[in-house]
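Here is the structure we will look at.
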Amino acid sequence: MADNQNEDSAPPHADYLLDRPIQPVRGMRQGLPNYGDPHFALFLRKVFIKALGYSEDALGRPIIGIVNTFSGFNPCHANVPQLIDAAKRGVQLHGGLAIDFPTISVHESFSSPTSMFLRNLMSMDTEEMIKAQPVDACIVIGGCDKTVPAQLMGGISANKPVLPLITGPMMPGSFQGERIGACTDCRNNWAAYRGGNLEIEDIAALNEELAPTAGTCGVMGTASTMACVTAALGMIPLRGGATAPAVSSARLRIAEQTGANAVAAALAKRTPQEILSEASFHNALTVLQAIGGSTNGIVHILAIANRHPAVHGKITLDLLDDIGRQTPLLVDLKPSGNNYMTDLHNAGGMPALFERLRPLLKLDAVTITGQTLGEALDAENFRPFPLSSQIIRPLDNPLYPASSLVVLRGNLAPDGAVIKASASKYRNLLNHRGKAVVFAGPQNLANRIDDPNLEVDADSVLVLQGIGPIGFLNPGMPEAGLIPIPRKLAAKGVGDMLRLSDGRMSGTAGGSIVLHISPEAALPESVLGIVQTGDYIVCDVEKRLLSLEVSDDEIQRRIADRKQRLDGTKESRGPADRRRQPTRGYRGLYERCVTQAQDGVDFDFLAADGARVVGKFGQP
Ligand code: FES
């Protein structure tokens, strides 16, 4: 107790009895409640923490928080209790004290109106609880689509040492001898059932087997994408951190290793804002393109980058597109390819991929251990073997030559739109001109898509409005961008059509789907909001073009006309003209503050420059 000025009189460890100011440097002394008497605040804090049985010896060690996101509604996080045990072992073997605490947990299928609606709430919960509690570092356990982005966003803003721990992918299941897995095969088989090509008994049997173990969806969906991106950012162990299955012993050893890394990061005070740089995000975008990652990954990476004061505004859709032109798609996983996350793990995982991508990566980017990415990769000394070359193609024999994810612009998407070109089923649709069939929101889609009298053919362009960040009726940018093929066309064998929306699509889905059109249709100035059935639309991926073949004058006339309907001076024609009513609670906050897709769908006040947002008491 070298800093005890009353060493002779104070009992050992009774630091609340010191007659000098408490230095809020680390451990239990940081972030004390403000009663006007910090010694009393520390005394009281120790009273309560001792109710849990901790000794002064334990409390004097680096305190490593562990964010517990277990939830009975989140099967992707079902292994969190085991991961906590293993992470605690790693912390305590290396001289720290591990204390777990909860934050909210978000699963795709149990989050109404959408999980994206709750992502920013989870990021705020994560940020504020890390800041509020006396942790010297924090392990954040996440896995399901929105949880890892939320934790990275919150962790960067909290800016204490933060170490993601991924729950890991589920194992594939089996149906009639074929491997299957959530959720690409959920969608393929459901489409086959809708088209009358699968019996009701078979779709019921598939329902039992598509998610056969705990863990995240086993293809290159959003969860896997964000796990790989987190590895590219240097925030998790290179080997196995992204790919080890949720139910494997390797996953538990990753948890133990993360515990050890957390103690080291706490002692070095290695924070995300110190580690992450433009180079880290360059690597994240390179990996996103090389894995044929989820389009959702784009929104999340933009939101994560914009939380970082030194990177804010520098990671853009244009940068994603530029990097895409240099980066081939190498990883043969569904939905762009044929395999599952367990195959990627068995093929060598991230070290194998990064070794392939070496010429395209910024190897001087720093990682959570303090090593550069290049040093971490050298230490792995990965050597290819037959399976690794099969699952992770060489640069000169890629699955798709470049630009797996493409950014489109044009009068229909002045602020951008994206398409996962590598997941297109009919490649001719990547350069297509067709007549629009417009649906004003999801309910209108549900009412009309299977109407036998719907005027639609295989060359039509299906346009869904009102599913952007704010949306016509419900906020949260639902994953409804995979507009179903009209039943009468599916029955004739049509498997893909050009489809457009301002919404998102599950990373596990495929097709010729343009997403994230911005500005979204709910905004009065949106061009997407005034598209009419019968208008011609051109999508040319090579030219990066998304265009409405309507004159500028007519577009402006329609926008002006719609503004009158929105403000009530003209009669509404339907959901696209709904006047927005002020809303209370979190939804009200969301609708007032959410940004558009090209800015990450974060809240404006949470970004690194969020203080510029005019508040009740402040000026920008
Ligand atoms: Fe959680 Fe797919 S639903 S990862």
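Mind listing just one residue for me: the one in segment 41-56 that is in a helix (DSSP H, G or I), free of Cβ contacts under 8 Å to residues at least 24 places away in the same chain and open to solvent by 30 Å² or more (accessible area, probe 1.4 Å) and, of those, nearest to the ligand (Cβ to nearest atom)?
If we filter segment 41-56 for residues that are in a helix (DSSP H, G or I), which is where we start, we get 41-50, 56.
In the following step, the residues that additionally are free of Cβ contacts under 8 Å to residues at least 24 places away in the same chain were identified as 41, 44, 47-50.
Subset that is open to solvent by 30 Å² or more (accessible area, probe 1.4 Å): 44, 47-48, 50.
On the way: 44: 40, 47: 40, 48: 36, 50: 38 Å.
Ranking the candidates gives 48 first.
Quick test for you: out of 145, 185, pick the one residue that is in contact with a helix residue (DSSP H, G or I) (Cβ under 7 Å, 6 or more places away or on another chain), farther than 30 Å from residue 269 by Cβ and either modelled with pLDDT of 95 or more or within 16 Å of the ligand (Cβ to nearest atom) (or both). Quick ask: steps written out before the conclusion?
On the way: 185 fails: in contact with a helix residue (DSSP H, G or I) (Cβ under 7 Å, 6 or more places away or on another chain).
One residue alone meets the criteria, 145.
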**Message:** Contact list please: Cβ distance under 6 Å, first residue in segment 343-364 and of a type in the set (Asp, Glu), second residue open to solvent by less than 10 Å² (accessible area, probe 1.4 Å), pairs at least six apart or on different chains.
**Reply:** 343/391
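Out of the residues in segment 202-213 meeting the condition of being within 13 Å of the ligand (Cβ to nearest atom) and in contact (Cβ under 8 Å) with a residue 40 or more places away in the chain, tell me which one is least open to solvent (accessible area, probe 1.4 Å). Steps first, answer last, please.
Here is the first cut: in segment 202-213, the residues within 13 Å of the ligand (Cβ to nearest atom) are 210-211, 213.
Subset that is in contact (Cβ under 8 Å) with a residue 40 or more places away in the chain: 211, 213.
On the way: 211: 60, 213: 44 Å².
By that ranking, first place goes to 213.
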**Fill in**
Given the conditions (1) more than 16 Å from the ligand (Cβ to nearest atom); (2) over 17 Å from the mean Cα position of the chain (by Cα); (3) under 21 Å from residue 147 (Cβ atoms), every one holds for residue 176 apart from (3)
**Request:** Quick one: count up the residues across segment 67-89 that are free of Cβ contacts under 8 Å to residues at least 24 places away in the same chain, within 15 Å of the ligand (Cβ to nearest atom) and open to solvent by less than 70 Å² (accessible area, probe 1.4 Å).
**Result:** 0
**Prompt:** Could you give every pair whose Cβ atoms fall below 6 Å, whose first residue belongs to segment 540-555 and is more than 10 Å from residue 411 (Cβ to Cβ), and whose second residue is surrounded by 15 or more Cβ atoms within 10 Å (Cβ to Cβ), counting only separations of at least 6 or pairs across chains?
**Reply:** 541/406; 541/421; 541/430; 544/408
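Collect the residues in segment 593-617 that are in a helix (DSSP H, G or I) and either at pLDDT 95 or above or in contact with a strand residue (DSSP E or B) (Cβ under 9 Å, 6 or more places away or on another chain) (or both), keeping them in residue-number order. Before you say what the answer is, go through the steps one by one.
First, the residues of segment 593-617 that are in a helix (DSSP H, G or I): 593, 597-599, 604-606, 610-612.
Within segment 593-617, 593, 597, 598, 599, 604, 605, 606, 610 qualify.
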**Complete:** (1) under 12 Å from the mean Cα position of the chain (by Cα); (2) away from the ligand (no atom under 16 Å from the Cβ) all hold for residue 106 apart from (2)
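The values are calculated or read from the model by the stated rules, or taken from the named source; none is laboratory data. The structure presented is a predicted model; accordingly, all values stated were derived computationally and were not measured. Please note: Cβ atoms are built from the backbone with ideal geometry, for glycine as well, and neighbour counts cover all protein chains shown. Protein only, heavy atoms only, side chains kept; ligands, DNA and RNA dropped before computing areas. Shrake-Rupley method; radii C 1.70, N 1.55, O 1.52, S 1.80 Å.
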